[in-house]
Amino acid sequence: MISSRFSKLLSWSYLAALYGFIFLPVAVLVLFSFQDGRLPVPPFNGATLKWYGEVFADSRLMSALTNSLMVAIGSATVACVLGFCAAYGLARFVLPASRLQRGLLIAPMTVSYLIIALGLLTTFNWLGVSLSLWTVGIGHVVINLPLCFAIIYASMGDHQKNIERAARDLGAAEWQVMTQVSAPMLMPSILAAFFLSVTFSWDEFIIAFLLSRFDVTLPVEIWSMLRSGLNPKTNAVGSVVFLVSVALLLILELIVFRRTAKK
Amino acid sequence: MATASLETRENRRAWGFVTPALLWTVAFFVIPFIVMAAISLATRKGREIVMAWNFDNYIEFFEKAHLLKGLFVSLEITFTVTIISVILAYPLAWIIAERVPQKWQRMALIMAILPFWTSYVVRSYSWLLVLAQNGVINNTLVYLGVISEPLELASTRSATVIGFVHFFVMLLTLTIYANLVQMPPNYRRAAADLGANGFQVFWHVVLPLTLPGIMVGAFLTFVLCIGDYITPQILGGNNELALPQVIMLQLGRRADFPMAATLSIILMVVVTMAYIACARWLKMERT
């Protein structure tokens, strides 16, 4: 009896300790983004929204934010379209060497971002392509395409195949089957792939750092802010990024998983 | 005849769907990789890159202590992080799966991975807030009078390890939890009926059945940890450099693309070896 109570107590304390460890940095980050003072460390001098004001007044940060959103949405869209088409082709038709093709499409997932970035950087240098947000976007499609393909491919079951066949028998052309029958049926996984890609691209640093030049994305801009050491403004921008990511997660949870649960 | 031509037409159509993605992967992943492998066989003369087609860079890597050390530092950090993360994450996953009431489990998991969604750069910075010389821990301890001089917590290997462990505990908790809930409770009941005590049930039944979850998480930890530049750069500082930091150093100050490419290829070989070591646990079930 005592031992079971003891083990229960132990469990809950462990849970509390680990959650404390997991949330400590985030709590510190958000709390001291309201710091009324120049240093985001204890003691806490009182709350102010001054640093958020500075973040939203900073034109470099704001343009980095817009750049990040453009790259994230653009690269996620391309990755989703390419991934969906490839999944459709490989799941619905019998193609030679389909194992090899699947392996090739998944391969970038197993390689460090740093290596993908370096490969693209040396290639762009060699070809004389100048670095811009476009090259960052290309890199982000490379890392997100395997993800989109894998998620959408995994959700293509046989029951959908029959519905597609029925549509074809009723005279639908292949592109009509794809856009009006398959895509709506697979929408939850397509959206999941899209939002995950947006989050990954939005947060990605090393590819964006190595493949951009004058226009940079938000993580790269934050990186250059770190040189000034601890600063409540960095806390504020970090908290904003966190809020945006949590909002994306909530959207994903509400739209996508709710829908799947209903079905 | 009719079916054959239908099949060719179907086939051509299928290629139309798959080709764009394949082309993208070949153009922006396979070819860059080949270019990088080729550059690793070149040498740098001043600011020019000359194709020498020899393995001088690889020989140099094994001869120069500061380059080789990068790999060892990275390997040590990665193994430490992987082991600590598994040890911390396993009980957490177990408690969530066993002790937390069913209807709260999803919520508990979402909470456990919530900080996962802060920006990666920002997360390392947050740990700097906690560990810096004038950071949360030092200021609090000095304020409470526990210590008089601030401790050297940031810019050490421990700081890098803490930053990494924080990230990977979340990841491993997910993969191990997924495995634990899949396990039918009957297995454990059967083992207990056959006379196994609590520890034996865990050691001979539960642990082997959750090994795939551990290995998937550990492999991901290994790959992401050994290739990461941000965490060691922000938290570890420049006292000892991990391999990705050495790679970035070649690019930045020296513009030595051939050496950076060489180091990347070596990094990739190490990851491939880790994959081969874990391969039998990493089989994808669906495909």
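The values are calculated or read from the model by the stated rules, or taken from the named source; none is laboratory data. Since this is a predicted model, take the numbers as computed values, not measurements. Ideal geometry is used to build each Cβ from the backbone, glycine not excepted, and the neighbour counts take in all protein chains shown.
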Scan (1) in contact with a Leu (Cβ under 8 Å, 6 or more places away or on another chain); (2) modelled with pLDDT of 90 or more for the single condition residue B:233 breaks and write down its number.
(1)
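For the range A:20-135, list the helices (runs of 4 or more DSSP H) that sit wholly inside it and hold at least 1 residues that are within 12 Å of another protein chain (Cβ to nearest Cβ) and crowded, with 17+ Cβ neighbours inside 10 Å; which are they?
Numbers: elements: A:50-57, A:59-92, A:98-106, A:113-127.
Where helices (runs of 4 or more DSSP H) fall fully within the range A:20-135 and carry at least 1 residues being within 12 Å of another protein chain (Cβ to nearest Cβ) and crowded, with 17+ Cβ neighbours inside 10 Å, they are A:59-92, A:98-106, A:113-127.
From the list B:78, B:82, exactly one residue is touching a helix residue (DSSP H, G or I) at 6+ places or on another chain (Cβ under 7 Å), under 30 Å from residue B:159 (Cβ atoms) and away from chain A (no Cβ under 14 Å). Which is it? Quick ask: steps written out before the conclusion?
Working: B:78 fails: away from chain A (no Cβ under 14 Å).
Result: B:82 is the single residue among B:78, B:82 that is touching a helix residue (DSSP H, G or I) at 6+ places or on another chain (Cβ under 7 Å), under 30 Å from residue B:159 (Cβ atoms) and away from chain A (no Cβ under 14 Å).
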Residue pairs qualifying under the 9 Å Cβ cut-off, at least six apart or on distinct chains, with the first in the range B:201-212 being closer than 16 Å to residue B:86 by Cα and the second being among the β-branched types (Val, Ile, Thr) and assigned to a helix (DSSP H, G or I), are B:207/B:214; B:210/B:176; B:212/B:175
Which of (1) within 15 Å of the chain's Cα centre (by Cα); (2) farther than 30 Å from residue A:223 by Cβ; (3) of a type outside the set (D, E, K, R); (4) surrounded by 23 or more Cβ atoms within 10 Å (Cβ to Cβ) does residue B:232 not meet, given it meets every other one?
(2)
Helices (runs of 4 or more DSSP H) fully within the range A:155-263 counting 3 or more residues that are at the interface with another protein chain (Cβ under 10 Å from one of its Cβ atoms) and surrounded by 15 or more Cβ atoms within 10 Å (Cβ to Cβ):
A:187-203, A:206-210, A:218-225, A:232-251
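Being small (Gly, Ala, Ser) and closer than 18 Å to residue A:86 by Cβ is the filter; apply it to the range B:9-65 and report the residue that is surrounded by the most Cβ atoms within 10 Å (Cβ to Cβ). Give the derivation first.
Residues of the range B:9-65 that are small (Gly, Ala, Ser), as a first pass: B:14, B:16, B:21, B:27, B:37-38, B:40, B:42, B:46, B:52, B:65.
Next cut, closer than 18 Å to residue A:86 by Cβ only: B:14, B:16, B:21, B:27.
On the way: B:14: 19, B:16: 13, B:21: 27, B:27: 13.
Ranking the candidates gives B:21 first.
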Given the criteria among the charged types (D, E, K, R) and under 19 Å from residue B:226 (Cα atoms), does residue B:60 qualify?
no
All positions within the range B:92-149 that are in a helix (DSSP H, G or I) and among the small types (Gly, Ala, Ser)
B:93, B:97, B:108, B:112, B:124, B:126
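Take the conditions out of contact with any strand residue (DSSP E or B) (no Cβ under 7 Å at 6 or more places or on another chain), among the basic types (Lys, Arg) and modelled with pLDDT of 85 or more and apply them to residue A:227. Does it pass?
Numbers: out of contact with any strand residue (DSSP E or B) (no Cβ under 7 Å at 6 or more places or on another chain): yes; among the basic types (Lys, Arg): yes; modelled with pLDDT of 85 or more: no.
Criteria not met by residue A:227.
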Restricting to the range B:80-139, and then to whatever is over 29 Å from residue A:233 (Cβ atoms) and polar (S, T, N, Q), can you tell me which residue is modelled with the lowest pLDDT?
B:102
Give the range B:87-114 a look and list any residue that's surrounded by 22 or more Cβ atoms within 10 Å (Cβ to Cβ) and either within 9 Å of chain A (Cβ to nearest Cβ) or closer than 30 Å to residue A:208 by Cα (or both), or say none.
B:89, B:92, B:96, B:112
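Is it true that some residue in the range B:45-57 is assigned to a helix (DSSP H, G or I) and either under 25 Å from residue B:168 (Cα atoms) or within 12 Å of another protein chain (Cβ to nearest Cβ) (or both)?
Here is the first cut: in the range B:45-57, the ones assigned to a helix (DSSP H, G or I) are B:56-57.
When the remaining residues are screened for being either under 25 Å from residue B:168 (Cα atoms) or within 12 Å of another protein chain (Cβ to nearest Cβ) (or both), the result is none.
Checked against the condition, which is being assigned to a helix (DSSP H, G or I) and either under 25 Å from residue B:168 (Cα atoms) or within 12 Å of another protein chain (Cβ to nearest Cβ) (or both), the range B:45-57 yields no hits at all.
Look at residue B:14 and say whether it is more than 30 Å from residue B:228 (Cβ to Cβ), more than 12 Å from chain A (Cβ to nearest Cβ) and not basic (Lys, Arg). So that I can check it myself, show each step before the final result.
Numbers: more than 30 Å from residue B:228 (Cβ to Cβ): yes; more than 12 Å from chain A (Cβ to nearest Cβ): no; not basic (Lys, Arg): yes.
So residue B:14 fails the test.
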Within the bounds of the range B:149-161, is there any residue that is at the interface with chain A (Cβ under 7 Å from one of its Cβ atoms) and touching a helix residue (DSSP H, G or I) at 6+ places or on another chain (Cβ under 7 Å)?
no
Go through the residues of the range A:169-187 one by one and say whether even a single one is touching a helix residue (DSSP H, G or I) at 6+ places or on another chain (Cβ under 7 Å) and within 27 Å of residue A:121 (Cα to Cα).
no
Report every pair of residues separated by at least 6 positions or lying on different chains whose Cβ atoms are under 8 Å apart, first residue within the range A:62-73 and more than 19 Å from residue A:206 (Cβ to Cβ), second outside any helix (DSSP H, G or I).
A:63/A:215
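Which members of the range B:140-182 meet the condition of being polar (S, T, N, Q) and over 18 Å from residue A:14 (Cα atoms)?
B:140, B:148, B:155, B:156, B:158, B:160, B:175, B:179, B:182
For the range B:131-184, enumerate the residues that are closer than 30 Å to residue B:96 by Cα, surrounded by fewer than 17 Cβ atoms within 10 Å (Cβ to Cβ) and not hydrophobic (A, V, I, L, M, F, W, C). Spell out the reasoning first.
Initially, the range B:131-184 is screened for residues closer than 30 Å to residue B:96 by Cα, giving B:131, B:136-137, B:158-184.
Subset that is surrounded by fewer than 17 Cβ atoms within 10 Å (Cβ to Cβ): B:158, B:181-184.
Listed by number, the residues that qualify are B:158, B:182, B:184.
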